[in-house]
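Below is one structure, written out as C-alpha cells; the observations come after it.
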Amino acid sequence: MTRAGHHRLCGSDVHRRAFLGAAAAGAAALVGDVTGIRILSQPALASELRRNDRRCILLWLAGGASQLETWDPKPGRPTGGPFLDIGTSVPGVRISELMPKMAANLHRHTAIIRSLNTGNGDHGGGSELMMRGRGREGGLAYPDLGAMLARELGQADSQVPDYVSFYSETEGRNFSRLSAGFLGSRYNPIELTDKMALPDVERLESIGELDHRERADLRALWSKRFARGRDVSAVSSHNVAYERVRGLMASDKLFDISTESQATRDKYGPTQFGEQALIARRLVEAGVPFVRVARAWWDSHGQNFETHQELTPELDHVMNALLDDLAERGMLENTLVVTLAEFGRTPNINASLGRDHFARAWSSTLSGCGVKAGSVYGRTDDDGQHVADGEIGAGELFATIFQALGIDHEKEYHVGARPIPLVNPGIVPVEEVLA
Amino acid sequence: MAIPTNIKHVRTINRPGITLCIAREGESERVFTGSSDAKVYALDMAQEKPEAVAYEGHASYVTGVAVAGKHIVSGGYDRKLIWRETDGGKLVRTVDAHEKWIRAVVASPDGSLIASVADDMVCKLWNAESGDLIRELRGHEQLTPHHFPSMLFTCAFSRDGKYLATADKPGHVVVWDVASGEQAAAFDSPEHYTWDPRQRRHSIGGVRSLAFSPDGERLAVGGIAKIGNVDHLDGKALVHSFDWRKAERTFALEHPRHKGLVNELRYTADGEGLLAAGGSGGGFFFWLDAKENKPLGDEDAKMHVHGVACGEGFAKVYAAGHNGVAVWEMTA
Amino acid sequence: MAYRRPYRMAVVLALLPLVLAGVSASRAVGVEPPAADAAVERVIDHYLDAGLVERQTPPATQTADETLVRRLALDLIGRIPAAVEVRDYLADESPEKRAALVDRWLGSPEYVEHQATMFNAMIADGEGDLKTYLQAALAENRSWDQVFREIVLADRSGDAGRDAQDFLRRRVRDIDVLANDVSVAFFGVNITCAKCHDHPLVDDWKQDHFYGMKSFFSRTFETGGFVGEREYGQIKFTNTTGTEREAKLMFLTGVVIDEPQRDEPSKDERKREDERLKELAKKKEPPPPPEFSRRAQLVETALAEGQRAMFARAIVNRLWYQYFGQGLVMPLDQMHSANPSPHPELLDALADDLISHGYDLRRLVRGIVMSQAYSRDSRWEGDQRPDAEAFAVAQPKPLTPTQMARSMSLATADTESLASVDDADERAKRIASLAKTQNADLFEQPGVDFQISANEALLLSNSERIEKNYLSGGLVKQLAKIEDARELVTRAVWSVLSRAPSEEEIELLEGYVSTREDRREQACGQLVWALLASSEFRFNH
C-alpha cells in the first residue's frame, strides 16, 4: 500500500459519510457497534469460522532481552560479548550458544526477524509500542495485541477467557499498560500476577452450589425483564458477561497443571516460566485465543552476560518445550508463538559489563501458525549497531502476526466515525517469513 | 611495616576492548593481559608508550592469565588453556581444559602448578611445565539454589602452596589440600550472592576474589553486598575474612563509600593490610586493616578494575580494567 | 464553521398532525423559536420536538416518578436515592416538586462532589488529578470560562499541589499531547490528524492549525514543580511537500494572533536563564511570568466574541453527553464542520444561552434535567428503537465507578435510623454518609460504546469483598428479621432498586425466599445479590 492508503485512515471513508449528512450519522454509530455485542447476531463468514481455531502465545521478554545473546549473535566483534554462536538446523543460520535446543529445532517451526528498528528505548513507551504495534497517537486509546486477537479470534459468548496475561515478577509489570482501549473492556486481559489462577472463579464457601446457580438465574430473569425494550449494546453486554460466569468458573481447572502427566511437566521444567508456558498451552488448547507469558526482568545494565547465562537458557528450554509440545499435539499449525520485548540491548558493553536499552536494531521470532519455518528476515551490520537490510518497525511486525493468523491487517475498526485499521495504513507484512 | 595506604595514579595506557586480567613477570615491568578481543598482550610498562604485542589463539574473552616459570598460561571463555613462552610468546600448547567458561587461572607461588576454575564448577590443577592434568577438584554445585547454572569465579593458593581455595556464585568456598586433593575445609559466604525472587527473578553477585593471609591462617573473600536492584551492580563492595580451619567468619566489611564487585584481594607481606580492587560503572582501590576490620585509605580507580598485578610490595600496582592498563603507586 | 442548515419549517408544519401523539400540546413545536431569554428546558424541548416531528418519531412517554427521582439522584448527586427520598417525592403533591428537588440537589455538597468527579474524569482523563481544584470551583459555581482560564494559565491560587496547574504540568513534557488534550477537553476537537498532513476530514483545517495550536504551548515548561512560560521560541514544521514553515500563532478558527518580534536568546543568555530557574526551583519559587504570554493569548482569543462559540459548544456537548448518554455531536472530540450535529440549532441556542449567562454551568444543567426530553422513559415499546441521536427515548447509562460504589453501599446499608430524622438537611447528610465511595476501584470508568466485562460479573459473583461489604450486614440482617415474606421482598426492592415491586415480582421473590426457609438470612443475601447484580441496578435508566 502507498500513501494513498494513509488518507483512508483519516479521510475518504468519513468524507463520504459526512456528505450523506445527518442521516448517515446513525449508520456510523451502527458501524461503531461492530466492536460490541452485535457481532453475536451477525453470521460469521467462512473464513472467520476457519480462523476461530487460531491462537497466539506471546512470550514477552520484559525488560529487554539482548538480541546479541539470543537470536543475532556477533561473536568475535568488539560488541559481540563473550558468547560464541552455534550452527542451527537451518544451514547458514547461527544463533547464540546459549540456545542449543532452539538451534537444533530451528528449521521445524521458527522464523527469526533480525531487523526491528522501533525507535523507543524507554521501558514504558517501548512496551506500549510493542504491545500495540503503534505509539500513542491520534489521542486514541489503541487496543493491545491481546485485545485485538481476542476480538478477532475469540467468540463473543466464549466459555473460556479471551485474553490471559501472566506477569509474576513485579518489575515493569505496569509498563505495557495492557488494555483493550477503544475495543472496550470486553476484551481486557485477565492479568495474573501472584496466583496462577483466574481471580474470582471460586465459589465462596458461604454459598452452596445450588443457591449460587439459582440466585444467578434470578438475576438473569430480573435483568431480562429489564432488557425488554432496552435493546442497547451496553445492556446486552451486562447479561453476556454474567452468562460467561459459569464457563469461566469451570475453566479454573485449566490453570491446574497437576492434572498433566509428570513427563509433560518435566518437559517444561520446574521454573515459574516453564509452568506458565504449560498453562498457556492448556489454555489455548481449551480455546483461549491469546495468552501472554511475561518473563521479567532482562534489563541487564550490569553483568549482562551473567544475567543472560541465567535467562537465555531458560528461554531456550521453555520455548523449545512449548513448541515441541504444541507440535506433538498437532496444535502448532494453528498456534503462533511469538517472542518479543519492548526493545533489545546495546551492542556497546558498558563498564559494569552490562548492555543498555536499544531499539535501533533488534530481534523477534515467530513460530508455528502461518510461519515459514527456518526463515530469517533482515540483517544487522557487523557490530549490530544498525539494521543493514530489511528494516521494519512495530507496525510491520504486527501486520505479519495478523497475516500469520489469517487476519487481514487492513481490516478496520470504527471509533465513532473514524475508521482505524488494525495496523497503521501503508504498512505491509513481512511476506518472507510467512508460509 | 606500615600499610601503603597512599594510593596514587601514575598513568593509564588506554587499550581497546575490555582488559579482563593481568599478570606480571616476576618483579619486572613486563605484564601480560587478557582481553575481550580474545587476545593475550605483552606490554613492557618501562616504556613510555608500551607496544602491545598480541598473541592470538583464543576464540573468546581471555579471563585468566598467569606467569609460571618460563610460561604464560592464559584461559578464556573458549574453555581453553594456552601455554606460551614468556620470552617471545611462542605457542607451547593448547589444551581443551574445561567444559564451560574458564573464569580464572592462577599459578602456585613456586610456579610449579597452574590452577584453573570454570563454570563447569571444576577446579583443575596442571603441571605448569608439562601441561599435564594433575587433579580435578570437584566440590561446587552445578546449579545455584535457584536452578540456574552456577559459576565458579575464583581461586587462590596459600603462600606456602599447600592450600588452594575456590569460591562460586552462591558463595560456597572450599579450601583444598593441594597434595592430596582432599577438602581441607568448606563453608559458605552467602552474603555475596543476591537472588531476587520476586521483582526481577534472577541473580547477581558471587564471590569474585580470594586471598590467604601470609601466615595461611585467614582467608579473605571478596564480592558485592546484597543488591536491591539486580539490574545493576548497585551494592557495596564486600570483604569477608574467615578463620578457614574453623569455618569461622572473623570479619565482614561493606565498604562505606565504594560500590561494586571486589575482583581482587592482596595482603601485605606482614598480613596487616589487605588491598581490595574492583568496581561497577567506575572502580576503586581500598585498603583494610586486616586485623582491626576497618577501612583505611581508598581511591576511585577511574575504571572498573578487573584484575591487578603487583610484586611483593605495592610500589607498582598494575591494574587491568574496562578501558586499559593503569599503573598505580601505593606507599605508606 | 458552518453548522447552520436550512430549517425546513414547511415540512415540519405539514407533518405536524401525524406525530403529535407523543408530544403534548404545551410543548408542541412552536412556529416561532423560543425567545432568547427563554428557559433552557423550553429551548431544549422546542428543538428536539421539532426534530422528532421531522423524523416522524413520536417520543417515549415520560418516565415514572420513581425512575425520574433515581435518574436525577444518580446524575446530580452520584448515587441512587434512598427509599425515603423517593417516597417523599411520590407523596408530594406540589406541581413544582420536580423543580424543588432539582434545586435542592443542585445546591447540595453531594452535587459538588459528584460533578467534580465527573469533570475530573472528563478533563483530566486519567492523566493527573484536578478533583480538589474542581471541587472548590464547583462549590462556588465558578464560571466555565474562568475554569478554562485557570487551567490554561496554570493558576496556582488553590492549595499547593491541588491547583489548576496539574493539567499542564502533567502534559508539558509532550507539547503535541498537551495541545491536543486542551483542544479535546475545551474545544471538542482532536487535532492530531492535522499533525502530519492537512486534516483529511475537515477542509478548513490545515497543518497550520495543528502547529498553530501547538505554538500556544510551545514556550511552556516545567521547573521545580511549577509551570512556566518563556519569552521566546518558535515552532517550525515540515509540510507534506517537504517545505519547512514557521508556525503562526493560530487558533482553531483560523484567527492568527500578532505577537511582538522576539529574537532567540544567545547561548550565554540561555545559560543565565537556566541558572536563574535552578535558583528559583531550589527556593521553591515559581518562574517569573513572561511579558507576552502565548497561553494568555489563547485564552483571550478563544473567549473573544466571534470566536467563543467553539468553546461554548464543546462544554454544552460534554454536559449533554453526561446527562443524556449521547452527545449532540458524536464523537465528543470531533466537533468540526465535517461532522455536523443532527441538532445544530439546539447546540447553538444552548451555547448562546451559556455565553449570555456568564458560562453558568448550573443553569445549563438545571435546564437539561428539567426538560421533558431528559425525563422520557428508557424503554421503547415500538418495534425499532430509534437512533440515540433522536433523543426520542432515554439511553440507559452504565453507572460510573463512584456511582456504582456509592449506590451499592447505600442500597445495602442499614437505613432504619433515617426514619427518625425529621430535619431534611440532617437526613440528607446521613444518607450521603451511608453512600460510601470505597470499592469504586473495582469498577471501570465507562466510555463511549462501553461493554461490561466478564471480570466484573465474576467479581460480583464470587468476590469476598462484595460479600463482606454489601451482603453480610446492614440490609441483609434487617431483612432476615422480617417475618412476613411479602414485606421482606418489598423492602428489598425498595432499598436496592428505589421503587415498589410489582405483584408479579413479589411472587417471584417470595418464591425464592420461601424455598429457603432453613437458611433465611442466606436467602436474603442471595435476593439482595440478584437485585444488586441486575441490569436494572447497573444502569441509570
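The values are calculated or read from the model by the stated rules, or taken from the named source; none is laboratory data. If you're wondering where the values come from, they're calculated on a predicted model, not measured in any experiment. So basically every Cβ, Gly included, is an ideal-geometry build from the backbone, and we count neighbours across all protein chains shown. The protein model used for the area step is the full one, side chains on, heavy atoms only, and it has no ligands, DNA or RNA in it. Shrake-Rupley method; radii C 1.70, N 1.55, O 1.52, S 1.80 Å.
Using the Cβ-Cβ distance between residue C:430 and residue C:35 with R0 set to 30 Å, the FRET efficiency works out to roughly 0.10. A simple spin-label model places the labels of residue C:243 and residue C:384 5.0 nm from each other, with each point 7 Å out along Cα-to-Cβ. The residue among A:245, A:227, A:208 whose Cα reaches farthest toward the positive pole of the charge dipole of segment A:201-255, with charges on the beta-carbon of Lys, Arg, Asp and Glu, is A:227. Relative to the Cα centre, the charge distribution of chain A, modelled as +1 at Lys and Arg Cβ and -1 at Asp and Glu Cβ, gives a dipole magnitude of about 1480 debye. Taking 32 Å as the cut-off for C-alpha to C-alpha distance, list the pairs among A:224/C:477; B:124/B:294; B:226/B:291; B:100/B:259 that go past it. Pairs exceeding the cut-off: B:124/B:294. Note that chain A presents 34 Å² accessible area per residue, ligands and nucleic acids not counted, probe 1.4 Å. Considering only C:247, C:187, C:223, and ranking their Cα positions along the charge dipole of segment C:172-302 that arises from unit charges at the beta-carbon of Lys, Arg, Asp and Glu, the one farthest toward the positive end is C:223. Distant-in-sequence amide contacts of residue A:63, defined by a placed amide H-H separation under 5 Å and a gap of 5 or more residues or a different chain, comprise A:298, A:342. I'd like the carbon and sulfur percentage of the solvent accessible area for segment A:201-255, probe radius 1.4 Å, heavy atoms only, ligands and nucleic acids excluded. With neighbouring chains kept in place, the figure for segment A:201-255 is 53 percent. Computed about the Cα centre, the dipole magnitude for segment A:201-255 is approximately 320 debye when only Lys and Arg (+1) and Asp and Glu (-1) carry charge, each at its Cβ. Label reach from residue C:157 (point 7 Å along Cα→C-beta): in segment C:213-232, amide nitrogens under 20 Å belong to C:226-229.
Let me make sure I get this right: for chain B, a, b and c are the square roots of the gyration tensor eigenvalues over alpha carbons, sorted descending. Under 1.5 in a/c it's rounded, otherwise prolate if a/b > b/c, else oblate. Which is it?
Details: a/c = 1.28, a/b = 1.09, b/c = 1.17.
Here chain B falls in the rounded category.
Under the criterion of Cα pairs below 8 Å and six or more residues apart, the relative contact order for chain C equals 17 percent.
Start at zero, step by 10 Å, and the Cα-Cα distances of segment C:61-185 spread as 12, 36, 23, 18, 9, 1 percent across the bins. In the distance distribution for the protein assembly as shown, Cα-Cα pairs more than 56 Å apart total 34 percent. The packing ranking of peptides C:360-368, B:230-238, highest mean first, is B:230-238, C:360-368, where packing means the average number of other beta carbon atoms within 10 angstrom of each residue. Dipole magnitude for the protein assembly as shown: computed about the Cα centre from +1 point charges on Lys and Arg Cβ and -1 point charges on Asp and Glu Cβ, it is near 980 debye. Computed with a 1.4 angstrom probe on protein heavy atoms, the A-B interface buries about 2700 square angstrom of accessible area in total. Heavy-atom accessible area buried between chains A and C is around 5600 Å² (1.4 Å probe, both sides summed). How high is the relative contact order of segment A:289-435, in percent, counting Cα pairs under 8 Å that sit 6 or more residues apart? This gives 20 percent for segment A:289-435. With the helix formula -39500 (n - 2.57) applied to DSSP H stretches of n ≥ 4, chain A reaches a computed 222 nm mean residue ellipticity of -11000 deg cm²/dmol. What average count of beta carbons from other chains do you get within 10 Å of the Cβ of residues in A:171-184? Mean partner-chain Cβ count within 10 Å for A:171-184: 2.
Once a ≥ b ≥ c are taken as the square roots of the eigenvalues of the Cα gyration tensor of chain A, is the result rounded (a/c under 1.5), prolate (a/b larger than b/c) or oblate (a/b not larger than b/c)? If you can, show how the numbers build up before the last one.
Numbers: a/c = 2.06, a/b = 1.35, b/c = 1.53.
Verdict is oblate for chain A.
Using a probe radius of 1.4 angstrom, the carbon and sulfur fraction of the accessible surface of chain B is 45%.
Against the main long axis of the alpha-carbon atoms of chain C, helix C:109-119 sits at an angle near 50°.
Annotation: per residue accessible area for segment C:398-540 equals 39 Å², rounded to a whole number [probe 1.4 Å, protein chains only]. Along the axis of the charge dipole computed for the protein assembly as shown (Cβ charges of +1 for Lys and Arg, -1 for Asp and Glu, origin at the Cα centre), the listed residues C:453, C:319, A:331 are led at the positive end by A:331. Taking label positions 7 Å along the Cα-Cβ direction at both residue B:99 and residue B:180, the computed distance is 2.7 nm, reported to one decimal. For peptide C:459-468, the mean count of partner chain Cβ atoms within 10 Å of a residue's Cβ comes to 5. The mean count of C-beta atoms from other chains within 10 Å of the C-beta of residues in C:501-514, rounded to a whole number, is 1. At a Förster distance of 51 Å, what's the computed FRET efficiency of residue A:205 paired with residue B:247, Cβ-Cβ distance as r, to 0.05? That gives a FRET efficiency of 0.50. Whenever you get a sec, compute what percent of the accessible area on chain C sits on carbon and sulfur atoms (1.4 Å probe). Carbon-and-sulfur percentage of accessible area, whole number: 47. The helix-only estimate of mean residue ellipticity at 222 nm for chain C, built from DSSP H runs of length n ≥ 4 each weighted as -39500 (n - 2.57), is -14500 deg cm²/dmol after division by the residue total. Here segment A:340-410 has an Rg and Dmax of 14.4, 46 Å, counting Cα atoms alone. Legend: calculated FRET efficiency, residue A:104 to residue A:243, from the Cβ-Cβ distance at R0 = 35 Å, rounded to 0.05, equals 0.15. Does segment A:201-255 come out rounded, prolate or oblate, given a ≥ b ≥ c as the square roots of the eigenvalues of its C-alpha gyration tensor, rounded meaning a/c under 1.5 and, failing that, prolate meaning a/b above b/c? Taking the square roots of the gyration eigenvalues as a ≥ b ≥ c, segment A:201-255 is oblate. Secondary structure note: in the protein assembly as shown, about 85% of the DSSP beta bridges are antiparallel. Annotation: for a label point projected 7 angstrom from Cα along Cα→Cβ of residue A:388, no residues of segment A:399-435 have a backbone N closer than 17 Å.
As a length-normalised measure over Cα pairs under 8 Å and 6 or more apart, the relative contact order of segment C:172-302 settles at 24 percent.
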